[in-house]
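Heads up: the structure comes next, in structure tokens.
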Amino acid sequence: MNLQIPAVAENNLQTEAVSVSEAVFGQVFNEALIHQIVVAYLAAGRAGTKAQKSRSDVRGGGKKPWRQKGTGQARAGTTRSPIWRSGGVTFAARNRIYKQKVNKKMYRAAMRSILSEMLRQERLVISNEIYPAVPKTKEIRRRLDALGIQTGLIVTESFDHNLWVAARNLPDVSTCMVDNIDPVSLLDSEKVVFTTQAIKNLEARLG
């Protein structure tokens, strides 16, 4: 199948045709699968570092405070009991791993479904002229305006310092390399600008 793409050349908007695989960009929208992948991706980003100390974790308390009988006080075996001040927590929170298992086959299928739907919605743009000559925000803004893009994601095949510096001051524009692309970034972006090599690398990885 052919994807009609706009590209910037000498301040003029031109249209080119890039051939992409039907197996990657012609899939049906699988909402249930995409939801599962997005939930797993967001869950993997949770730190899960909340922790409290139980009676066995609190330092001290090895000695019995007083003898078992004859003092008139309640029985106590340690000063680190949860009912004591400076004691442990009754049901102490523990570090938790929120990561969910996702098969590679499921992840690739979800990415293909997302890209196919974005193609149908005309949210994919391919331009080899997106790299600014100088690391200036106005330069990348000019190139995006020529493409008719106000907010979105720029995906390149490799890291470009000029592009990164120029785009970091735009609050609604982000950049990433194609190897680091993720489903949440794609879904959150109004438009996604790929370079030709980046779309080919992504197609080879998901094909």
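Here, each number is a calculation from the coordinates, and none is a lab measurement. Computed from a predicted model, the values in this text were never measured in an experiment. All Cβ positions, even for glycine, are placed from backbone atoms using ideal geometry, and neighbour counts span all protein chains on display.
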**Thr175 long-range amide H proximity, modeled H, under 5 Å** = Ile154
**Message:** Using the Cα centre of the chain as origin and beta-carbon charges of +1 (Lys, Arg) and -1 (Asp, Glu), tell me which of Thr175, Thr156, Gln68 is placed farthest towards the positive end of the dipole.
**Reply:** Gln68
**Request:** Classify segment 13-104 as rounded, prolate or oblate from the Cα gyration tensor: take a ≥ b ≥ c as the square roots of its eigenvalues, call it rounded if a/c is under 1.5, otherwise prolate when a/b beats b/c and oblate if not.
**Result:** prolate
**Asked** Given just the C-alpha atoms of the chain, how large is their convex hull per residue in cubic angstrom?
**Response** 172 Å³
**Asked** Amide H of Gln100: which non-local residues (sequence gap of 5 or more, or other chain) have their own amide H closer than 5 Å, using H built in the peptide plane?
**Response** Ala44
**segment 51-94 - percent relative contact order, Cα under 8 Å, separation 6 or more** = 53 percent
**Request:** Would you mind calculating the gained length between Thr49 and Gln73 on full extension (0.36 nm times residue separation, minus the Cα-Cα distance), in nm to one decimal?
**Result:** 4.8 nm
**Complete:** For the chain the mean separation of alpha carbon contacts under 8 Å (6+ apart) over residue count, i.e. relative contact order in percent, is 24 percent
**Request:** Given the options Leu144, Leu42, Leu186, state which has the largest fluctuation in a GNM of the chain using a 10 Å cut-off (strictly under) for Cα springs.
**Result:** Leu42
**Request:** Can you bin segment 93-137 into rounded, prolate or oblate? Criterion: square roots of the alpha carbon gyration tensor eigenvalues sorted a ≥ b ≥ c, rounded for a/c under 1.5, prolate for a/b above b/c, oblate for the rest.
**Result:** oblate
**Message:** More than 14 angstrom separation, counting every C-alpha pair in segment 51-94; what % is that?
**Reply:** 48 percent
**Asked** In the chain, which whole DSSP H runs stretch at least 18 Å along their own axis (Cα) and average -0.5 or higher on the Kyte-Doolittle scale?
**Response** 31-44, 104-120
**Asked** Going by how many other Cβ atoms sit within 10 Å of their own, how do Lys101, Lys191, Lys138 line up, fewest first?
**Response** Lys101, Lys138, Lys191
**Message:** Given a 10 angstrom Cα cut-off, can you work out which residue in Val38, Val18, Val173 is the most mobile in a GNM of the chain?
**Reply:** Val18
**Request:** Calculate one ³J(HN,Hα) per residue across segment 77-88 by plugging θ = phi - 60° into the Karplus curve 6.51 cos²θ - 1.76 cosθ + 1.60, and present them in order as whole Hz with x for glycine and proline.
**Result:** x, 7, 7, 9, 5, x, 8, 9, 5, 6, x, x
**Item:** Karplus (6.51, -1.76, 1.60) ³J(HN,Hα), θ = phi - 60°, over segment 149-162, in Hz, Gly and Pro reported as x
**Value:** 10, 9, 10, x, 10, 10, 10, 10, 7, 8, 6, 10, 5, 4
**Asked** Build a GNM of the chain with springs between Cα atoms under 10 Å: which of Arg108, Arg80, Arg67 gets the top mean-square fluctuation?
**Response** Arg67
